[in-house]
1. Quick one: give the max-minus-min coordinate of the C-alpha atoms of segment A:109-260 along each principal axis, largest first, in Å.
2. Ranking B:Met244, B:Met411, A:Met62 by Cβ neighbours within 10 Å, fewest first, what do you get?
3. On a 0 to 90 degree scale, rounded to 10, what angle separates helix A:70-82 from the longest Cα axis of chain A?
4. For chain B, take the longest principal axis of its alpha carbons; what is the angle in degrees between that and the long axis of helix B:89-108, to the nearest 10 within 0 to 90?
5. Measuring from a point 7 Å past the Cα of A:Tyr161 along Cα-to-C-beta, which residues in segment A:181-210 have an amide N at less than 19 Å?
6. By how many nm would the segment from A:Glu245 to A:Ser259 lengthen if fully extended, with 0.36 nm per residue of separation less the alpha-carbon distance?
7. Among B:Ser202, A:Ser234, which comes first, then next, by fewest other beta-carbon atoms within 10 Å?
8. Within 10 Å of each Cβ in peptide A:24-34, how many partner chain Cβ atoms are there on average? Round it to a whole number, please.
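Only the coordinates and a few stated rules stand behind these numbers; no lab work does. Here the structure is a predicted model, which is why all the values come from computation and not from measurement. Heads up, the Cβs are rebuilt from the backbone with ideal geometry, glycines too, and the neighbour counts pull from every protein chain shown.
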Amino acid sequence: MKYLGIEPKKPRIAVFDFTSCEGCQLQLANGEDTLVEFLGSIDIVDFREISSSRCEDYEIAMIEGAITRSDEIDRLLRIREKAKTLIALGTCACFGGVNKLKNAFNLNDANEEVYGDDPKETLPARAVHDIVPVELKIPGCPVSKREVERIIQHLVWDVPYTPPAYPVCLECKQRYAVCVCDIDAPWTGEKGKGQICLGPITRGGCMAPCPAAGMACWGCRGPAEDANLESFFSILKERGFEEWEVRERLDFFGAFEGSK
Amino acid sequence: MKVNLDVDVHHLTRVEGHGNIRVRVKDGNIEEANWTVVETPRFFEVMLKGKHFSTAAALSSRICGICSIAHCLASLEATEHAFDITIPSIAAKLRLLGKHGETLQSHLLHLFFLAAPDFLNVPSVIPLAATSPEVVDLARRLKGLANRVCDIAAGRTTHPVSFCVGGVSSVPNRDRLLQLRDALERSLEDLATSVELVAGFSIPRFARETEFVSLKGESDYAFIGRTAVSSDGVERDVSDYRQMTNEYVVKHSTSKYCRLSRDSFAVGPLARFNNNHEHLHPAAAEVASRLGLEPVCHNPFMAHVARLVECVHATHQAIHLIEEIADTGASERAAADVEPRAGEGIGAVEAPRGILYHHYEYGANGKIVRANCVIPTTQNHANIQNDLTDLVAQSAETMMQDGEIELLGSMLVRAYDPCISCSVH
């Protein structure tokens, strides 16, 4: 089927999971209204979680999860050799995600605490781009299926994709959501103190599901372009938030490393 | 003639997470019949240390992308238990609605995407779009609706955003709720079609006497509760979860194993059905009897039927809950006051795959000192192993071949719908 005189590609896609909750690949099977069309526009040749078909001949590899063990590094290097395009799918693959929280602890102690005197191999968590070059990043915890669909459309029509530069704040306003920065503080009830919401500094594209449901943005999509971090931190300070509280939010998804 | 078998399944497909099956039989003697968990450990219990109570539920939900609502709820229950908080009834109802949404979401994903291909002789649901579009359409409609229940009750289908310590942060509007109720009522017809589909599955005949553990409902088929019970007669408050699970570390697996009265036990839909069947909605009980599921059922493959029975039950319960929530509306406060204090709290919920416990110890500053999570699939691993050993022994006697035992062994593990990365949290 041609569209505007262009023949679409039907890319051969493989989906691989590393250290993660597998929630992002699950999103690929969601979006039921358009699922049949979505699956029809691509050729999924390897997707272990939902299919027993295995195949090593693919153009696009979607990588879910962070890298936390030596066998994962080897596996990722093999996939990188085969794939023309490597996509980091989700916050764990893009930034390391919540897995990176363990890096703040001594891993030998952590191992002993969980496994006693029978420790299991583990490395500090790393993002996919820390190991191999990545062509495209789709952040989100979990990824938004709509955004995945939009990106797949770009791949099918061979049109370069540019992620939104604007922050989550913009999309939150588009939804007419009540700003969680301005409500009374949850639990303590302090008037107008609100929550620490990273919406003003986080890259948009998710349509702000968290603040729209009354939960602040914790920045799973990483920094927006040209985010004014300095001014953001000074506003939080003015509002009486302590350093550790801000740190706990910024560190949560490992997506703001190096800021503040 | 003595049978020789050599089966090596590396990273079993159509399950969540990474596990291997290895079977070697020589001259009729079983040399190996092993289920091994090779998932990478993530150390969530360590990551939770030092975190503020407002962070705990969002972090724990990341243990699992399929049962994130269960983890979020068990975490909130544990924190609220530690701080001695009673949540408003509208919040309790919305959380339970989210729980039913997740049960539907997870069970339907398993039934259509992970399990059905084995019974319909296809590698995945994808080729069915061309050969049996009506099945794909059915799956799409039912799973789409289950996702919508979670969207409305929890703010999102995966990793909930509207459940918080003390209650919920938003209450869905009445119109949305009533439209959801109507859609759920209409979906009962699709569930009836699914019952006929499953009636056509040839469920393997196999049984091994098993101890079943679940929450106990006083008057309901419990999904959130404080009493755990086993079919061997053990009954304890969930605060005694350590005595109910007895976790231990094994060499060959990154997940721990568990035991209770015997050297293994099972949790999940079949355990819930066996222990609480008298509290099922009549329509769900009817489906059980239509599909030949009778308590106490010791065939692990019948978990597929138990899941569908629970889908019918959860749909009826969700309809009922929505009516109650819509009647109360947003007039009530949806979250209780929270005063952190030093102490311990234990929460338990029935995740789709079985009973899940979270245990936190808090300091006076509202930060976690120590955390422990016991996952349903962790509790099932030893039982999967024991079933596999028996299944291979029985199959070897009937002179089954490599391909057949590979399929049957894979189907056995899939019947538990293991959440492997969850079990290795």
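1. 54, 47, 27
2. By the 10 Å Cβ count, ascending, the order reads B:Met411, B:Met244, A:Met62.
3. Taking Cα atoms only, the helix is inclined about 50 degrees.
4. Its long axis makes an angle of about 20 degrees.
5. A:203-209
6. Length difference between fully extended and current span is 3.6 nm.
7. Ordered by Cβ neighbours within 10 Å, fewest first: B:Ser202, A:Ser234.
8. 5
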